[in-house]
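A short reminder: the numbers here are calculations on the coordinates, not readings from a lab. Please read these numbers as outputs of a predicted model, since none were measured by experiment. Cβ sites come from the backbone with ideal geometry, for glycine too, and all protein chains shown count toward neighbours.
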């Protein structure tokens with residue numbers, strides 16, 4: 001789907017790290033928590049609108065991303081969610097949480113506090129993602 | 001898994017509607033939004049800890065429940081999430097949202113406002129669930 005365009009709000013708030021089989025992989029530009037977002041390249045807006053094959057691909061990407069977050073950040077709980085009340089484009093948050101993080105035990109959605117990543121931090125994350133996803137990540 | 005026990009907090013806040021293949025099906029006792037919860041009968045705490053077969057069963061239950069919510073309530077967006085920062089037992093929220101609901105466009109988690117269901121409302125929901133899930137729902 002070459003014509004796919006990312007929602008402007010996601011583009012503004014996030015860093016686009018690369019693409020996977022079905023999704024764009026984004027990083028919320030908030031170094032306070034490891035907060036990744038998968039954006040399937042589709043204009044369908046609900047997970048149940050995806051085909052069985054698309055759901056399977058998305059689930060696989062959630063699984064690999066979850067494992068990545070657990071092994072690369074200090075994380076005691078994963079928060080995985082498809083919400084979309086504000087940004088209608090289908091996207092799945094996968095967030096690593098820890099009792100010492102900035103909004104524990106509340107959810108990250110709706111919080112305003114942000115700390116931007118440095119370029120070095122982003123580069124390191126991309127290198128680690130390439131190791132985790134192999135040639136699925138481009 | 002006969003020994004499975006529901007987390008006391010879920011038991012307190014929710015109505016247990018019945019059981020599906022892998023999950024208990026709960027209804028948050030808050031008639032302000034259609035807010036259902038799937039609780040897989042396992043003591044694993046993350047979706048990625050489930051086997052492939054367990055993930056497939058859970059995904060199927062999410063799909064059927066999502067379709068049920070869309071066809072039985074006034075819903076413009078589904079919010080689907082596994083969080084678990086407060087209740088560690090693995091559970092998946094599937095919530096039907098609408099721009100006129102009590103906390104739109106915010107998320108339901110962390111909100112305090114509640115309105116209990118009447119017995120009649122709960123009975124009607126159970127009848128409709130039986131139609132949707134067929135003999136998967138007991």
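Here are the numbers for this structure:
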{"quantity": "Teacher prompt: residue A:31 distances to equivalent labels in other copies, 7 Å Cα→Cβ, nm", "calculated": "5.1"}
{"quantity": "Other copies of residue A:67: label-to-label distances in nm, shortest first, labels 7 Å along the beta-carbon direction", "calculated": "3.1"}
{"quantity": "Ratio of the Cα radius of gyration of the range B:63-138 to 2.2 N^0.38 Å, where N counts its residues", "calculated": "1.20"}
{"quantity": "Shielding score for B:75-82, defined as the mean number of other chain Cβ atoms within 10 Å", "calculated": "6"}
{"quantity": "Candidates A:114, A:19, A:41, ranked by Gaussian network fluctuation over chain A, Cα under 10 Å, top entry", "calculated": "A:114"}
{"quantity": "Label geometry 7 Å along the beta-carbon vector: residue B:120 inter-copy distances in nm", "calculated": "6.7"}
{"quantity": "Estimated D of the range A:67-109 in µm² per second, where Rh is the Kirkwood radius over Cα pairs and Stokes-Einstein applies at 4 °C, 1.567 mPa s", "calculated": "114 µm²/s"}
{"quantity": "Mean residue ellipticity (222 nm) of chain A, computed from DSSP H runs ≥ 4 via -39,500 (n - 2.57), nearest 500", "calculated": "-10000 deg cm²/dmol"}
{"quantity": "Closest Cβ on chain B to the rotation axis that carries it onto A (distance rounded to whole Å)", "calculated": "B:81, 2"}
{"quantity": "Spatial extent of the protein assembly as shown: Rg and Dmax, with the Cα atoms as the point set, Å", "calculated": "18.4, 59"}
{"quantity": "D (Stokes-Einstein, µm²/s), Kirkwood Cα radius, chain A, 1.567 mPa s at 4 °C", "calculated": "85 µm²/s"}
{"quantity": "Sequence ranges B:59-66, A:47-54, ranked by mean other-Cβ count within 10 angstrom, highest first", "calculated": "B:59-66, A:47-54"}
